[in-house]
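Following: one structure in structure tokens, then a few remarks.
Coordinate-derived values only; no laboratory data. Just so it is clear, the structure is predicted and the values come from calculations on it, not from any experiment. Glycine also receives a Cβ, built like all others from the backbone with ideal geometry; neighbour counts cover every protein chain displayed.
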Number of protein chains: 2
Amino acid sequence: MATISKENYLKAIYTLGEGNSKLVSSTSLAKELNVSKAAISEMASRLAGQGFIDYKKYKGIKILSKGKKLAISVIRKHRLWELFLVDSLGLSWDEVHNEAEKLEHCTTDFLIDKIDEHLKFPKTDPHGDPIPNKNGDFRTVWNDMSMKECVENKSYSIVRVNDRSDDFMKYLSKIKFLLNKEFIVIEKLAFDGSLKIEIDKIKHMLSEKIIENIFVREIKN
Amino acid sequence: MATISKENYLKAIYTLGEGNSKLVSSTSLAKELNVSKAAISEMASRLAGQGFIDYKKYKGIKILSKGKKLAISVIRKHRLWELFLVDSLGLSWDEVHNEAEKLEHCTTDFLIDKIDEHLKFPKTDPHGDPIPNKNGDFRTVWNDMSMKECVENKSYSIVRVNDRSDDFMKYLSKIKFLLNKEFIVIEKLAFDGSLKIEIDKIKHMLSEKIIENIFVREIKN
DNA sequence: CAAATTATTTAAGTATACTTAACTTTACTC
DNA sequence: GAGTAAAGTTAAGTATACTTAAATAATTTG
């Protein structure tokens with residue numbers, strides 16, 4: 001049985017392992033899931049016993065195809081819910097993450113496929129992350145760049161954000177820094193890595209901590 | 001903390017106790033929740049300890065205002081989800097009960113209020129059951145009658161059904177016997193309590209077991 | 001390369017939510 | 001009112017998913 005806990009462990013292992021390439025350590029998993037390292041050891045043994053992961057004591061965790069399948073299915077549910085809540089229920093993008101975090105665990109494949117269909121099989125969620133299709137394939141090709149690489153006097157649009165904390169999302173909403181929104185880089189400050197940008201004719205200073213979590217696409221005119 | 005189990009226990013206690021009037025027995029609860037009678041004793045002690053119910057050993061269970069509040073909140077979530085899935089996602093009424101049974105436990109008050117608003121504060125769900133408002137009040141006045149009381153050559157419309165089993169709901173869907181649908185009683189057979197009705201110009205025989213779970217309103221012309 | 005530090009696991013204990021089996025209470029019948 | 005059947009509880013045990021504290025393995029550093 002795939003309980004809520006197991007689904008969250010597998011999602012975290014999949015994310016931290018970046019697909020299935022990297023080994024995931026107990027410490028990083030414990031931090032991600034907000035549980036003790038002892039809890040990780042225990043659950044790792046259980047998940048390994050059920051064929052979801054490969055677990056070598058003191059070495060690390062690697063997701064197996066069975067675990068990957070479940071993780072992607074949960075991610076798919078999460079992202080489709082987020083988009084659905086924004087598009088069909090009018091929630092704002094900083095409100096949907098926590099709701100989707102719960103809904104992803106109590107949605108049947110039947111229902112999520114109906115939602116996928118209703119949204120006309122979208123490719124990305126409201127944060128710009130790709131939505132896997134029914135078969136678990138991410139078809140979107142990454143062609144974005146970190147906002148850190150932006151140069152002065154060029155226009156960009158925001159393609160993806162990499163943080164879901166309330167504070168971060170709420171700040172972006174407040175300055176109307178939404179997905180696909182265009183902005184111009186006015187000034188780049190070398191000494192602290194911060195960026196002065198103009199959006200909707202209003203200028204904002206963004207710290208390095210903010211911009212390293214934002215991914216953009218250059219707009220060529 | 002209100003876990004999924006606790007929510008289901010309170011929902012069942014509220015339903016079997018018909019609001020808060022009747023004492024609920026361990027046996028009936030065990031049957032409703034598909035667990036052993038021993039499990040009922042244990043959970044009853046826990047719920048009583050937390051002030052959700054009044055529990056007198058060997059006597060029975062009675063819901064308290066704290067428990068009633070939680071039960072109604074879960075029922076509200078269930079019924080709003082059902083209507084939402086039918087109205088906004090196009091699921092059929094026999095598909096929504098099982099989905100709502102899961103979603104009701106992982107929906108915040110914030111989200112369900114958004115759904116309520118989106119549906120324009122509906123009064124009944126797709127089975128005709130009343131939806132409590134944000135304050136927990138059921139405002140709908142019951143003016144339906146059991147289908148058993150139907151008489152020959154009169155027209156009725158279906159107002160509410162009292163069973164959520166897949167077989168029952170699928171059969172009603174199949175013969176297009178949907179909420180608010182009009183039908184005429186052609187013949188009433190006294191010996192087995194069955195009813196011959198006409199719906200969309202097609203005649204159907206409905207057994208007593210079916211009609212006792214259907215509630216109707218007479219259409220006067 | 002040995003010592004120290006960090007990472008990880010094991011052990012023991014807790015809470016929830018179940019089970020079956022044994023026992024007790026209540027209700028019913030003669 | 002005693003005997004019995006049904007209803008309900010208690011006791012003991014299980015699985016999941018955590019915790020803290022102690023022990024062990026791996027890695028880093030002098």
### Mean Cα-pair separation over length for the range A:68-148, i.e. relative contact order, pairs under 8 Å, 6 or more apart, %
35
### Query
Between copies, how close do the A:K201 label points come, placed 7 Å along Cα→Cβ, listed in nm from shortest?
6.3
### Summary
Here the tail fraction of P(r) beyond 19 Å, over all Cα-Cα pairs of the range A:1-128, rounds in percent to 50
### Query
So what's Rg/Rh here for the range B:145-219, counting alpha carbon atoms and using the Kirkwood radius for Rh?
0.91
### Query
Name the chain B residue with the Cβ nearest the axis that maps B onto A: which is it, and what is the distance in angstrom?
B:C106, 2
### Query
If we hang a label 7 Å off Cα along the beta carbon direction at A:E149, how far is it from the matching labels on the other copies, in nm, shortest first?
7.4
### Query
Going by alpha carbons, how many degrees (0 to 90, nearest 10) lie between the helix axis of A:109-118 and the longest principal axis of chain A?
20
### Task
Stick to the Cα atoms of the range A:4-63, pair each with every other, and give me the Kirkwood hydrodynamic radius in Å at one decimal.
11.0
### Task
In nm, give the distance between the simple-model label positions of B:F191 and B:S207, each being 7 Å from the Cα along the Cα-to-Cβ direction.
1.7
### Query
Okay, which of the range B:112-128 sit inside 19 Å, backbone N to the point 7 Å along the Cα-Cβ direction of A:S88?
B:112-122, B:125-127
#### Entry: the range B:4-63: relative contact order in percent, alpha carbon pairs under 8 Å with at least 6 residues between
38
### Task
Report relative contact order for chain B in percent, whole number only (criteria: Cα-Cα under 8 Å, sequence separation at least 6).
15
#### Entry: Footprinting exposure proxy for B:L80, B:L70, A:L85, B:L119 (fewest neighbouring C-beta atoms within 10 Å first)
B:L119, B:L70, A:L85, B:L80
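Give a quick list of chymotrypsin sites (Phe, Trp or Tyr not before Pro) in the range B:49-82 that DSSP marks as loop, anything other than H, G, I, E or B, with at most 13 other Cβ atoms within 10 Å.
Listed in order of number, the matching sites are B:Y58.
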### Query
Per 5 Å bin, what percent of the C-alpha pairs of the range A:73-140 does each bin hold, from zero upward?
4, 20, 33, 29, 12, 2
### Task
List the distances, in nm to one decimal, from the label point of B:I219 to the label points of the same position in every other copy, shortest first, placing each label point 7 Å from Cα along the Cα-to-Cβ direction.
5.6
### Task
Report, in degrees rounded to the nearest 10, the 0 to 90 angle that the Cα long axis of helix B:65-87 makes with the longest principal axis of chain B.
40
### Task
For the range B:3-69 and the range B:81-112, write down the distance between their C-alpha centroids in whole Å.
24
### Summary
In degrees, nearest 10, the alpha-carbon axis of helix B:4-16 is tilted away from the dominant principal axis of the alpha carbons of chain B by 60
#### Entry: Share of alpha-carbon pairs per 10 Å distance bin for the protein assembly as shown, given as whole %
4, 16, 21, 24, 18, 10, 6, 2, 0, 0
### Query
What value, in deg cm²/dmol to 500, does the helix sum -39500 (n - 2.57) over DSSP H runs of n ≥ 4 give at 222 nm once divided by the residues of the protein assembly as shown?
-12000 deg cm²/dmol
